[in-house]
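Note sheet for the following structure.
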Amino acid sequence: MADTTSEIVWIRWLLGDLGFPQSSPTDFFCDNRSALQIAHNDVFHERTKHIEIDCHITRQHVVRGTLNLIPISTVDQPADLLTKAHHPGRFRTLVSKLKLVSSLPT
């Protein structure tokens with residue numbers, strides 16, 4: 001989450017420099033409930049100590065209003081299209097969620 005948070009912050013900064021400031025928070029969809037709970041919770045436990053530093057950047061931007069963390073079902077996660085192999089039907093469903101269309105004639 002920390003890497004994606006950093007990328008979102010950088011893109012928001014770039015858009016602002018190009019004259020397109022972002023006034024509302026960027027939606028960040030996450031299918032990992034544990035990561036969402038850790039990002040929203042100020043209290044750390046012994047088991048999460050090793051990821052504490054990475055969580056601070058995400059929590060900081062949620063508190064600032066830069067990010068809006070949104071839970072999403074693993075089944076509905078369109079980012080899986082870019083990282084996993086899928087059955088053709090599932091592939092078409094995920095492509096449609098990303099609003100991707102072929103520019104080649106069919």
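The values are calculated or read from the model by the stated rules, or taken from the named source; none is laboratory data. These numbers were taken from a predicted model, which means no experiment stands behind them. Methodologically, a virtual Cβ is constructed for each residue, glycine included, from the backbone with ideal geometry; neighbour enumeration extends over all protein chains shown.
What to note about this one:
- Odd one out for residue 101, checked against (1) modelled with pLDDT of 75 or more; (2) not in a helix (DSSP H, G or I): (1)
- Every residue from the range 1-44 that is among the β-branched types (Val, Ile, Thr), at pLDDT below 90 and surrounded by fewer than 13 Cβ atoms within 10 Å (Cβ to Cβ): 43
- Pick from the range 75-106, criterion touching a residue at least 12 places away in the same chain (Cβ under 8 Å) and out of contact with any Pro (no Cβ under 8 Å at 6 or more places or on another chain), ranking: nearest to residue 30 (Cα to Cα): 77
- Qualifying residue in the range 53-63 (condition: modelled with pLDDT of 75 or more and farther than 20 Å from residue 11 by Cα): no
- Within the range 64-82, the set of residues being among the β-branched types (Val, Ile, Thr) and either touching a Ser or Thr at 6+ places or on another chain (Cβ under 9 Å) or farther than 25 Å from residue 15 by Cβ (or both) comprises 66, 74, 75.
- Residue match in the range 70-84 (condition: in a helix (DSSP H, G or I), surrounded by 10 or more Cβ atoms within 10 Å (Cβ to Cβ) and modelled with pLDDT of 85 or more): no
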